[in-house]
1. Among the residues that make up region 121-131, is at least one of them at pLDDT 85 or above, farther than 12 Å from residue 198 by Cβ and in a helix (DSSP H, G or I)?
2. What about residue 175, is it assigned to a helix (DSSP H, G or I) and either at pLDDT below 90 or in contact with a Leu (Cβ under 6 Å, 6 or more places away or on another chain) (or both)?
3. Using the structure shown, decide if residue 154 is within 30 Å of residue 201 (Cα to Cα) and modelled with pLDDT under 85.
4. Here are 112, 170, 140: which of them is touching a Phe, Trp or Tyr at 6+ places or on another chain (Cβ under 8 Å) and part of a loop (DSSP other than H, G, I, E, B)?
5. Quick one: residue 143 ticks every box in (1) touching a Gly at 6+ places or on another chain (Cβ under 7 Å); (2) touching a residue at least 40 places away in the same chain (Cβ under 8 Å) bar one, so which box is it?
6. Would you check if there is a residue in region 181-193 being hydroxyl-bearing (Ser, Thr, Tyr), at pLDDT 90 or above and touching an Asp or Glu at 6+ places or on another chain (Cβ under 7 Å)?
7. Going by the structure shown, is residue 123 exposed (fewer than 13 other Cβ atoms within 10 Å of the Cβ) and not acidic (Asp, Glu)?
Amino acid sequence: MRLIEAAGDPFALGAAIGRAGGRAFREVVRGLGRYRALQGWRGSERLAEIEAASRRAFPALFLLSPDDNTPLPFMPAIRNLCRLGALALGTLGHITALRRTRVGPFRAEDAISLDALRSFGDSAAVLQHMLPVETALDDIPALALTDSEARRLRSGQAVPLLRKMDLQRIAGLRDGDTVLALGKGKPVALTRYSAGEVHPLRVLNL
């Protein structure tokens, strides 16, 4: 087993592990007879059908190919992981089902079906199953506004943040950042920060 030396942020660590995995794949797995046998699937009509269906059902996530570190579409990446896992166990394998259970903060166990949603009609009971809009926006920076600033944004006007007292509020922002503007702790608008101002992108009438 080789020692992997890496430092830096999580992306840098993941990239280092991925490169090491790529070397192991090229040096060990590609030479196995079982792996070579699986290459007969390449270009087959059945594989094309599976990939087409997968692309319709799943977003195009891109990973790095262990062969040459080029971008790898989602389904070939999943097939490679399945294939390598089976080879590591000394057998062959294929995927019979693939289900996404989480997207960001949203989990499958918290979801309700469309049929269940329709059954509520105009009943207030549906509110028990709704998450706050902030749930979908918790990965972007937030900016607390004064009452007058919130009124400007609701009117479609940009809010300048160039006073000395504003410097701490915008310290972590960079030009082009999308920012959630909050008034009294409630979402007011999605904004774009640029040149010391926040410009409304979408005002939220909540």
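The values are calculated or read from the model by the stated rules, or taken from the named source; none is laboratory data. Just so you know, these numbers come straight off a predicted model, no measurement behind them. Methodologically, a virtual Cβ is constructed for each residue, glycine included, from the backbone with ideal geometry; neighbour enumeration extends over all protein chains shown.
1. Restricting attention to region 121-131, the residues satisfying the condition of being at pLDDT 85 or above are none.
So far as region 121-131 goes, no, none of its residues is at pLDDT 85 or above, farther than 12 Å from residue 198 by Cβ and in a helix (DSSP H, G or I).
2. Numbers: assigned to a helix (DSSP H, G or I): no; either at pLDDT below 90 or in contact with a Leu (Cβ under 6 Å, 6 or more places away or on another chain) (or both): yes.
Judged against the criteria, residue 175 is not a match.
3. Details: within 30 Å of residue 201 (Cα to Cα): yes; modelled with pLDDT under 85: no.
The answer is no for residue 154.
4. Numbers: 112 fails: touching a Phe, Trp or Tyr at 6+ places or on another chain (Cβ under 8 Å); 140 fails: touching a Phe, Trp or Tyr at 6+ places or on another chain (Cβ under 8 Å).
Just a single option satisfies the conditions, and that option is 170.
5. (1)
6. Within region 181-193, the first condition is being hydroxyl-bearing (Ser, Thr, Tyr), and the residues that meet it are 191, 193.
Next, only the ones that are at pLDDT 90 or above stay: 191, 193.
Within this subset, residues satisfying the condition of being touching an Asp or Glu at 6+ places or on another chain (Cβ under 7 Å) are 193.
Among the residues of region 181-193, at least one is hydroxyl-bearing (Ser, Thr, Tyr), at pLDDT 90 or above and touching an Asp or Glu at 6+ places or on another chain (Cβ under 7 Å), which makes the answer yes.
7. On the way: exposed (fewer than 13 other Cβ atoms within 10 Å of the Cβ): yes; not acidic (Asp, Glu): yes.
Yes, satisfied.
Matching residues to (1) crowded, with 17+ Cβ neighbours inside 10 Å; (2) under 21 Å from residue 104 (Cβ atoms); (3) touching a residue at least 12 places away in the same chain (Cβ under 8 Å):
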| residue | (1), (2), (3) |
| --- | --- |
| 147 | no, no, yes |
| 155 | no, no, no |
| 159 | yes, no, yes |
| 162 | no, no, yes |
| 174 | no, no, yes |
| 177 | no, yes, yes |
| 181 | yes, yes, yes |
| 187 | yes, yes, yes |
